[in-house]
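Read the figures in this text as sums done on the coordinates, not as results from a lab. Note that the structure is a prediction, hence the values are computed from the model and not measured. Cβ placement follows ideal geometry from the backbone for every residue including glycine, while neighbour counts extend to all protein chains displayed.
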Amino acid sequence: MTRPGESILEVSDLVVEFDGFRALDRLSFVLYANVLTVVIGPNGAGKTTFLDVITGRTRAHGGSVRFLGRDITELADYRIARLGMARKFQAPTVFPDLSVRDNLRVAAAPVKGLWSALRGRLTPATRAAIDEALAVTGLGALAARPAAALSHGQRQWLEIGMALATQPRLLLLDEPIAGMTGEEVDRTAELLQEIARRRSVLVIEHDMSFVRRIAQRVCVFHQGRQLVEGSFERISADERVREVYLGVEAS
Ligand code: ADP
Ligand code: MG
């Protein structure tokens, strides 16, 4: 397939073991800049572990990770984040009593700590990052509301906005539509496509109709490796992919 983007992330022979069990088994993977890529694969394939390693949350036992041409395999998570990698977690990370805008402000602030972030002067860059996050997520009208008042979907968008407010080069999302209504899913598809025009986006997802809608490229993980990658049409016609999913359904 054609590869319009330069590679932004290169993973080679990554190994992660938990008590002798290989969650990642010499995984190799390349992410191209500005190509909205979705990683799929059955439960236990190693998708979340993969995100944990590239974000510095889990240490690799072997292999390497390069981000923006730099070896980040041994870097601490906060240093990787500073290089421009942001992740939206599945578990809620918003401050419920703070307004939508203040949540974004805390996320965007270059300083550590809640109170210094809220008290410090807003730099033009921070203000622009907050405004961009409000615009992209469509939460502008709710900016003054406490996060606790948001619907489930709106809260997910706020969390995407908080990741975006750090102005990342690469945005990572693990199952972003879990628990959403159909309308919220539609809005999330638009939102991710909008973000992907300016930044690199990697999504982990298992809802195939959603994958078909948003993915410009799909990578299938299985047993800690990448099994196949390509367009949605290509991977859904691939016999190995069918076997992996049928095998899971049958067991
Ligand atoms: P996925 O996100 O694709 O469903 P995971 O990356 O969460 O898969 O898990 C891959 C495998 O590693 C699974 O078999 C899981 O049980 C195992 N695993 C993940 N995290 C841990 C951990 N902290 N301790 C032990 N086993 C783990
Ligand atoms: Mg997972």
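Structural remarks
- Using only alpha carbons, the chain has a radius of gyration to Kirkwood radius ratio (Rg to Rh) of 0.97.
- Axis angle, to the nearest 10 degrees, between helix 152-164 and the longest C-alpha principal axis of the chain: 90 degrees.
- Ordering 76, 118, 18 by the projection of their Cα atoms onto the charge dipole of the chain, which places +1 on the Cβ of Lys and Arg and -1 on the Cβ of Asp and Glu, puts 118 at the extreme positive end.
- Karplus (6.51, -1.76, 1.60) ³J(HN,Hα), θ = phi - 60°, over region 171-176, in Hz, Gly and Pro reported as x: 10, 10, 9, 9, 6, x
- On Cα atoms only, tilt of 239-250 relative to the major axis of the chain in degrees: 80
- Angle between the chain longest axis and helix 182-196 axis [Cα atoms, degrees, rounded to 10]: 90
- In a simple Cβ point-charge model (Lys, Arg +1; Asp, Glu -1; nothing else charged), region 92-228 has a dipole of about 600 debye relative to its Cα centre.
- Sequence-distant contacts, meaning Cα pairs under 8 Å at least 6 residues apart, place the relative contact order of the chain at 26 percent.
- Based on the Stokes-Einstein relation at 37 °C and a viscosity of 0.692 mPa s, and on the Kirkwood radius from alpha carbon pairs, region 91-149 is assigned a translational diffusion coefficient of 284 µm²/s.
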